[in-house]
Amino acid sequence: MFVPDSSFVALAVVFSVCMFIGGIFEIVFSIANRKSLSDWGWHLTGGIIGLLLGILLISRPGLTMVMIPILLAIWFMFQGFYAIGISIDLKRFGCNKWGWNLAFGILSIACSILIFFQPATGALISVYIAAFAFIFIGIFKIMLSSELKNLKDNNERLGQLLG
């Protein structure tokens with residue numbers, strides 16, 4: 001964010017590797033939780049898309065540099081809709097902080113729309129918008145992990161009380 005010229009090159013490399021690694025983790029998560037998540041197929045689909053995009057982007061760095069604004073926009077939009085879906089699930093499970101997850105999902109989608117409407121502005125605007133979108137998605141993931149841990153702990157306590 002503070003050094004946009006060199007950040008664009010680093011963004012392309014880091015984004016490619018993150019897509020690849022994130023895809024693997026999402027696939028593992030979906031398969032490990034297929035019995036407890038009714039929508040585990042969406043997690044699996046997202047993981048497969050992330051993995052395949054990561055492989056494509058790692059193998060073609062020139063393409064990554066050219067396509068990074070559009071690819072980021074697509075990925076941010078997908079992450080935003082994912083966050084919105086998760087927030088709805090959290091509300092259904094009675095979590096109090098579901099609204100924050102919803103807000104960060106909407107902010108991620110807003111960042112993706114900004115990139116879609118301004119792809120020709122190139123690296124500079126993409127770096128700044130991407131920085132904010134990564135911050136929003138990171139905060140969402142941290143809050144989500146906290147909420148999921150609370151749900152798991154509450155379910156285990158309830159199981160002990162009833163069992």
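Among the candidates I68, I55, I129, single out the residue that is modelled with pLDDT of 80 or more and of a type outside the set (D, E, K, R). Result of the check over I68, I55, I129: I55.
Remark: pairs (first residue in the stretch 35-46, at positive phi and touching a residue at least 12 places away in the same chain (Cβ under 8 Å); second residue of a type outside the set (S, T, N, Q) and not in a loop (DSSP other than H, G, I, E, B); Cβ separation under 9 Å; 6+ apart in sequence or on different chains) are absent.
The conditions of being out of contact with any Gly (no Cβ under 8 Å at 6 or more places or on another chain) and not in a helix (DSSP H, G or I) are met by N96. Among the listed residues G47, G80, G85, which satisfies the condition of being within 16 Å of C111 (Cβ to Cβ), modelled with pLDDT of 85 or more, out of contact with any His (no Cβ under 7 Å at 6 or more places or on another chain) and part of a helix (DSSP H, G or I)? That would be G80, the only listed residue that is within 16 Å of C111 (Cβ to Cβ), modelled with pLDDT of 85 or more, out of contact with any His (no Cβ under 7 Å at 6 or more places or on another chain) and part of a helix (DSSP H, G or I). Only one of A103, A131, A110, A83 is in contact with a Lys or Arg (Cβ under 9 Å, 6 or more places away or on another chain) and either aliphatic (A, V, I, L, M) or buried (at least 20 other Cβ atoms within 10 Å of the Cβ) (or both). Can you tell me which? Result: A83 is the single residue among A103, A131, A110, A83 that is in contact with a Lys or Arg (Cβ under 9 Å, 6 or more places away or on another chain) and either aliphatic (A, V, I, L, M) or buried (at least 20 other Cβ atoms within 10 Å of the Cβ) (or both).
The values are calculated or read from the model by the stated rules, or taken from the named source; none is laboratory data. The structure displayed is predicted, hence computed values, not measured ones. In this analysis, Cβ positions are derived from the backbone assuming ideal geometry, glycine residues included, and neighbour counts consider all displayed protein chains.
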